[in-house]
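Right, one structure below, let's go through it.
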Amino acid sequence: AAALLAARAEHMDQLEQRVEFLNFCMVQGPQIALTQAQLDVLWNRCVVCGSCVGERDLIFRWVEQVRTNSVSAIEPEATRYLFRRASELSAESLSPTAYACIEYLFRWINWREQRFAQQDQSNISVLDVPLHGVQTLWAAALRTRDEAVGVRANRFLVLLH
């Protein structure tokens, strides 16, 4: 059991270093954008086939960081694609980090499409309906097993309505 824990810790350390390097390249490096195929490889390896929640959460945090800190690393259509992939995940088993990423992508897409204006985290004006992906938020609010996810999703839905 100790060897397994040590191997898992080593795996996570290696993955964190690689994701950190990828983040550095995407944010600090030349203006490059990941292709949908490249995002699929990352998503499939770390989210779909991830060995633990920590591995998946690392990728969710990375998506949010890169989308926030780089204009070109993840293009708008790729952002929509990642939201679609995240929406396919089981709402019952979303971690707080996974839900935070989904909410962030939801906010970014709907802001970009000028469907709502956001003055700050708790002051949103809906400008046009339907909001892209709102059903994903409802699924998280109604089906999650994680209390923190349910509370956060419910609060955000109240802000929207």
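The values are calculated or read from the model by the stated rules, or taken from the named source; none is laboratory data. None of the values given here were measured: they were computed from a predicted structure. Cβ placement follows ideal geometry from the backbone for every residue including glycine, while neighbour counts extend to all protein chains displayed. We work out accessible area using only protein heavy atoms, side chains counted, and drop any ligands, DNA or RNA first. Shrake-Rupley method; radii C 1.70, N 1.55, O 1.52, S 1.80 Å.
Screening residue 78 against (1) in contact with a Cys (Cβ under 7 Å, 6 or more places away or on another chain); (2) aliphatic (A, V, I, L, M); (3) more than 29 Å from residue 8 (Cα to Cα) leaves a single unmet condition, (1).
In segment 109-140, the qualifying residues are those that are of a type in the set (A, V, I, L, M, F, W, C) and either touching a Cys at 6+ places or on another chain (Cβ under 9 Å) or in contact (Cβ under 8 Å) with a residue 40 or more places away in the chain (or both), and the one that is nearest to residue 161 (Cα to Cα) is 116. Listed conditions (1) aliphatic (A, V, I, L, M); (2) under 18 Å from residue 83 (Cα atoms); (3) part of a helix (DSSP H, G or I) are all met by residue 131, apart from (3).
Here is a yes/no grid of residues against (1) of a type in the set (A, V, I, L, M, F, W, C); (2) within 22 Å of residue 24 (Cα to Cα); (3) touching a Ser or Thr at 6+ places or on another chain (Cβ under 6 Å):
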{"position": "48", "(1), (2), (3)": "yes, no, no"}
{"position": "68", "(1), (2), (3)": "no, yes, no"}
{"position": "85", "(1), (2), (3)": "no, no, no"}
{"position": "107", "(1), (2), (3)": "no, no, no"}
{"position": "123", "(1), (2), (3)": "no, no, no"}
{"position": "129", "(1), (2), (3)": "yes, no, no"}
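If you take the residues of segment 116-161 that are charged (D, E, K, R) and surrounded by fewer than 17 Cβ atoms within 10 Å (Cβ to Cβ), which of them is modelled with the lowest pLDDT? Across segment 116-161, the extreme among qualifying residues is 120. In segment 37-56, the residues that are exposed (fewer than 14 other Cβ atoms within 10 Å of the Cβ) form Cβ pairs under 9 Å with partners that are assigned to a loop (DSSP other than H, G, I, E, B), at six or more places apart or across chains, as follows: 48/89; 53/95. The set of residues in segment 53-71 that are in a loop (DSSP other than H, G, I, E, B) and in contact with a helix residue (DSSP H, G or I) (Cβ under 7 Å, 6 or more places away or on another chain) contains only 70. Within the set 61, 84, 80, 8, the sole residue that is out of contact with any Asp or Glu (no Cβ under 6 Å at 6 or more places or on another chain), more than 20 Å from residue 137 (Cα to Cα) and open to solvent by 30 Å² or more (accessible area, probe 1.4 Å) turns out to be 8.
Only residues that are within 24 Å of residue 116 (Cα to Cα) and either part of a loop (DSSP other than H, G, I, E, B) or modelled with pLDDT under 95 (or both) were counted across segment 80-103, and they come to 1. Exactly one residue out of 112, 143 is of a type in the set (Lys, Arg) and farther than 27 Å from residue 27 by Cβ: that is 143.
Does segment 27-36 include one or more residues that are of a type outside the set (Lys, Arg), open to solvent by less than 70 Å² (accessible area, probe 1.4 Å), assigned to a helix (DSSP H, G or I) and at pLDDT below 95? The answer is yes; a qualifying residue exists.
The set of residues in segment 93-115 being more than 14 Å from the chain's Cα centre (by Cα) and surrounded by 13 or more Cβ atoms within 10 Å (Cβ to Cβ) consists of 93, 110, 111, 113, 115.
Would you confirm, using the coordinates I've provided, whether residue 74 is closer than 27 Å to residue 141 by Cβ, modelled with pLDDT of 90 or more, open to solvent by less than 30 Å² (accessible area, probe 1.4 Å) and assigned to a helix (DSSP H, G or I)? When the stated conditions are applied, residue 74 does not pass them.
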